[in-house]
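Colleague: I'd like to ask some things about the structure below.
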Amino acid sequence: MRPLTEKQAERRRRVMQAAIELATEGGYDGVQMRAVADRAEVALGTVYHYFTSKDHLLAESMSVWMADLQRSVERHPPEGEDTLTRVLDLLRRMTRGMAENPNVSAAVIGGLVAEGPHGAASQEALNVTFSAMMRSAFRPDFPADRRDKIIRTLEHIWFSELIAWKNGWNPYEQSAQELEDAAELLLSPIP
């Protein structure tokens with residue numbers, strides 16, 4: 001795939017922004033491709049040129065949100081005296097952003113869990129970003145194999161809790177607490 005021109009990248013960004021705005025107003029069901037095109041002031045065919053479906057568009061939006069968060073983490077590294085405290089700082093930052101925008105969060109999670117190659121590609125991008133952010137909470141001398149297993153386990157729990165929260169199985173507070181409990185179990189010293 002050829003890189004986008006500056007004009008194409010701007011158009012694609014407007015389409016994604018329009019989808020986020022519509023998700024803010026009406027959640028997953030509020031994002032309709034025609035409405036996205038109207039809001040972004042592009043032809044409907046342009047929306048489908050960049051995104052094959054609503055789920056593809058929303059999954060990409062999640063990837064962009066995570067990339068923005070990663071840049072924020074690079075500017076403001078996790079805080080805390082020990083690994084557990086730094087990991088908890090990151091997890092709270094990730095979940096807080098989603099809790100502040102529940103309609104958008106539910107919509108992008110819905111797109112992210114959809115079947116198909118675009119959802120899978122977005123899930124992989126999410127994995128790469130999540131892992132990179134979490135590695136920043138670990139000191140360089142932390143055993144890499146153990147670190148990677150902890151990160152992967154936390155990612156699975158985070159993803160599971162996102163789905164539980166989106167589907168109304170758990171209130172946000174419970175999902176956030178279960179994620180923190182898992183981090184504590186994985187990183188607290190054994191007495």
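Values in this text are rule-based calculations from the coordinates and carry no lab data. The structure presented is a predicted model; accordingly, all values stated were derived computationally and were not measured. Every residue, glycine as well, gets a Cβ built from its backbone with ideal geometry; the counts of neighbours run over all protein chains shown.
Colleague: Can you put 84, 179 in order, fewest other beta carbons within 10 Å first?
Modeller: Least to most surrounded, the residues fall as 84, 179.
Colleague: Now a separate question. What are the aspartates and glutamates whose alpha-carbon lies under 20 Å from the alpha-carbon of residue 54, with same-chain residues fewer than 8 places away excluded?
Modeller: Output for residue 54: 10, 21, 25, 29, 38, 41, 115, 124.
Colleague: Spin-label point model (7 Å from Cα, Cβ direction): what's the residue 169 to residue 92 distance in nm?
Modeller: 2.6
Colleague: Related question: Just want the ordering: 66, 134, 33, from fewest to most Cβ atoms lying within 10 Å of their own Cβ.
Modeller: In order of increasing Cβ crowding within 10 Å: 33, 66, 134.
Colleague: At most 15 other C-beta atoms within 10 Å and a DSSP loop state: those are the exposed GluC sites (Glu not before Pro) I care about. Give me the longest piece of the chain that has none.
Modeller: Answer from the scan: 116-191.
Colleague: Remind me, relative contact order of segment 94-191 in percent, using alpha carbon pairs under 8 angstrom and six or more residues apart?
Modeller: Reported as a whole number, the value is 24 percent.
Colleague: May I pose another question? Would you work out if segment 51-139 is rounded, prolate or oblate? Take a ≥ b ≥ c from the square roots of the eigenvalues of the alpha-carbon gyration tensor; rounded if a/c is under 1.5, else prolate when a/b is larger than b/c, oblate otherwise.
Modeller: Judged from the Cα gyration tensor, segment 51-139 comes out prolate (a/c at least 1.5, a/b above b/c).
Colleague: Sequence gap at least 6, Cα distance under 8 Å: using those rules, report the relative contact order of the chain to the nearest whole percent.
Modeller: 22
Colleague: Still on this model: Are there any helices in the chain, counted as whole DSSP H runs, that stretch 18 Å or more along their axis by Cα and score at least -1.0 on average by Kyte-Doolittle, and if so which?
Modeller: Long hydrophobic helices here: 54-75, 83-100, 117-135, 144-166, 172-187.
Colleague: Of 91, 44, 69, which is the most mobile in a GNM of the chain whose springs link Cα atoms less than 10 angstrom apart?
Modeller: Judging by the Gaussian network model, the answer is 44.
Colleague: Take 142, 130, 159 and order them by how many other Cβ atoms sit within 10 Å, fewest up front.
Modeller: 142, 159, 130
Colleague: Same structure again: With a sphere of radius 14 Å drawn around the Cβ of residue 123, what net charge do the other residues whose Cβ falls strictly inside it have (Lys, Arg +1; Asp, Glu -1)?
Modeller: -4
Colleague: Can you run the Rg to Rh ratio on the chain? Use alpha carbon positions and the Kirkwood inverse-distance Rh.
Modeller: That ratio is 1.01, to two decimals.
Colleague: Related question: Compute the semi-axes of the equivalent ellipsoid of segment 130-177, taking the square root of 5 times each eigenvalue of the Cα gyration tensor, and list them largest first in whole Å.
Modeller: Values for segment 130-177, descending: 27, 9, 8 Å.
Colleague: In whole Hz, what ³J(HN,Hα) sequence does segment 42-51 give by Karplus (6.51, -1.76, 1.60; θ = phi - 60°), x for Gly and Pro?
Modeller: So the J values, rounded to whole Hz, are 9, 6, 4, x, 5, 4, 6, 5, 8, 9.
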